[in-house]
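All remarks here apply to the structure that follows.
The values are calculated or read from the model by the stated rules, or taken from the named source; none is laboratory data. Being a predicted model, the structure only gives us computed values, none of them experimental. Note: ideal-geometry Cβ built from the backbone for every residue, glycine included; neighbour counts use all protein chains shown.
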Amino acid sequence: LELGPESSKLHQGLAEFIDGAGVDVVFACGELMGSLYEALPASRRGAYAKTAEALAPMLMEAVGPGDAIMIKGSLGSRMAPLVEALKRRFGTEGVPV
């Protein structure tokens, strides 16, 4: 959670890597991830919220069967509820979790 005074700049810099990786859309949460979200082109912005709990309904509305999803966050960012919500909605049979 702590990257020091360069945190915002480092998060913004991720936008270039996301673009190069061909990621379709990004859903982000947390204050620092707001910097990344704002640096993304509008076409790659899924949704942003300050907390994973607030992001969950927006993510659940946008995600469909067959979508590839990567959830990245530290334990302190509390991403586990997003993973659990996805598992409840889509199940995990045959899916690496």
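Output the number of residues of segment 1-33 satisfying the condition of being outside any loop (DSSP other than H, G, I, E, B), modelled with pLDDT under 90 and either small (G, A, S) or within 15 Å of the chain's Cα centre (by Cα) (or both). Going through segment 1-33 one residue at a time, the tally reaches 15.
When you check A68 against the structure, is it within 11 Å of the chain's Cα centre (by Cα) and among the hydrophobic types (A, V, I, L, M, F, W, C), yes or no? Write out each step before concluding.
Details: within 11 Å of the chain's Cα centre (by Cα): no; among the hydrophobic types (A, V, I, L, M, F, W, C): yes.
So A68 does not fit the description; no.
Here is a check on your reading of the model: is D67 surrounded by 12 or more Cβ atoms within 10 Å (Cβ to Cβ), within 25 Å of L86 (Cα to Cα) and among the acidic types (D, E)? Considered against the rule, which asks whether it is surrounded by 12 or more Cβ atoms within 10 Å (Cβ to Cβ), within 25 Å of L86 (Cα to Cα) and among the acidic types (D, E), D67 comes out as no.
State the number of residues belonging to segment 41-79 that are assigned to a helix (DSSP H, G or I) and either of a type in the set (V, I, T) or touching a residue at least 24 places away in the same chain (Cβ under 8 Å) (or both).
Residues of segment 41-79 assigned to a helix (DSSP H, G or I): 42-44, 52-62, 75-77.
Next cut, either of a type in the set (V, I, T) or touching a residue at least 24 places away in the same chain (Cβ under 8 Å) (or both) only: 44, 52-56, 58-60, 62, 76-77.
Summing the residues that are assigned to a helix (DSSP H, G or I) and either of a type in the set (V, I, T) or touching a residue at least 24 places away in the same chain (Cβ under 8 Å) (or both) in segment 41-79 gives 12.
Within the option set L82, L40, being under 12 Å from the mean Cα position of the chain (by Cα) and either crowded, with 17+ Cβ neighbours inside 10 Å or on the phi > 0 side of the Ramachandran plot (or both) holds for one residue only, L82. Name the single residue that is surrounded by the most Cβ atoms within 10 Å (Cβ to Cβ) among those in segment 1-11 being in contact (Cβ under 8 Å) with a residue 12 or more places away in the chain and small (G, A, S). Checked segment 1-11; the qualifying residue surrounded by the most Cβ atoms within 10 Å (Cβ to Cβ) is S8. Restricting segment 12-35 to residues that are touching a helix residue (DSSP H, G or I) at 6+ places or on another chain (Cβ under 7 Å) and under 19 Å from L75 (Cα atoms), the residue that is surrounded by the most Cβ atoms within 10 Å (Cβ to Cβ) is C29. Going by the structure shown, is A49 at pLDDT 90 or above and over 12 Å from the mean Cα position of the chain (by Cα)? Considered against the rule, which asks whether it is at pLDDT 90 or above and over 12 Å from the mean Cα position of the chain (by Cα), A49 comes out as no.
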